[in-house]
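The values are calculated or read from the model by the stated rules, or taken from the named source; none is laboratory data. Keep in mind the model is a prediction, meaning the values are calculated, not measured. Positions of Cβ are backbone-derived with ideal geometry, glycine not excepted, and every protein chain shown enters the neighbour counts. Please note that ligands, DNA and RNA were not included when accessible areas were found on the heavy atoms of the full protein model with its side chains. Shrake-Rupley method; radii C 1.70, N 1.55, O 1.52, S 1.80 Å.
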Amino acid sequence: MVKDLTGAERQKRARDKKRSMGLVSLQVWVPPWGRKAIRDLEDTLCNTASAINGRGMNIMGKMTSEMLLTQLEETDDVKNGEISVVKMDGETPIIRATVQDIDEFPVMLSVGEEQILAMTDLWGVDDVQDGKADELNAVLLRANLPVPLSAFSIVGDRYVIFGALSINSDITEIIEEIVTLSNNVVDAIEYCGEFLRP
């Protein structure tokens, strides 16, 4: 026997359905005579979003690497040449962002479901002097906290510096992450040079 839903359960189900369409809840205050206009506007917006979703063009959907590239290309930093960006196709599309004068350490951006990951390759584990790996790792672990917007890690056999942003980050925050990460690379190489092979 199917259990009848309570009013709260029906309301939760309706809200979950709207969230799955990419819609958000919004509270507005209007004069009493404006209620119908707001309800009509809500219906129009929801129906439009539903129709667009049905054609596979979700205007309320998640960020993609193509959308991020377009937004980056529209920034003053890219237009004036301070940062260059290019999309690198592959199994996971990546955007390579290169800050002027730090072109040997590009920032690789990948767009996931929940976050945008920005990562820069630093050096290989084989580039560390014999017997210095533990000391270097301890130094990098201690540096994770004071280094702004960045953290160190080892991916495979490569040392990297990375930062993660919300998928909903503003483009100015993403530009800030790219520039900060690039500056932190320069600092990391100077700071850790004593542990690396010449």
Tell me, what is the FRET efficiency for residue 135 and residue 155 to the nearest 0.05, using R0 = 25 angstrom and their Cβ-Cβ distance as r?
0.80
Taking only DSSP H segments of four or more residues, each worth -39500 (n - 2.57), what value at 222 nm results for the chain once the sum is divided by all its residues, to the nearest 500 deg cm²/dmol?
-13000 deg cm²/dmol
Set of aspartates and glutamates with alpha-carbon distance to residue 12 below 20 Å, sequence-local pairs under 8 removed
4, 42, 43
Which helices, taking whole DSSP H runs in the chain, have alpha carbons extending 18 angstrom or more along the helix axis plus mean Kyte-Doolittle at least 0.5?
171-192
Relative pair counts by distance (%), Cα atoms of the chain, 5 Å bins
1, 6, 12, 14, 13, 11, 10, 8, 7, 6, 5, 3, 2, 1, 0, 0
Leaving out ligands and nucleic acids, and using a 1.4 Å probe, what accessible area per residue does the chain come to in Å²?
67
Leaving out ligands, DNA and RNA, what percent of the accessible area of the chain is carbon and sulfur, probe 1.4 Å?
54
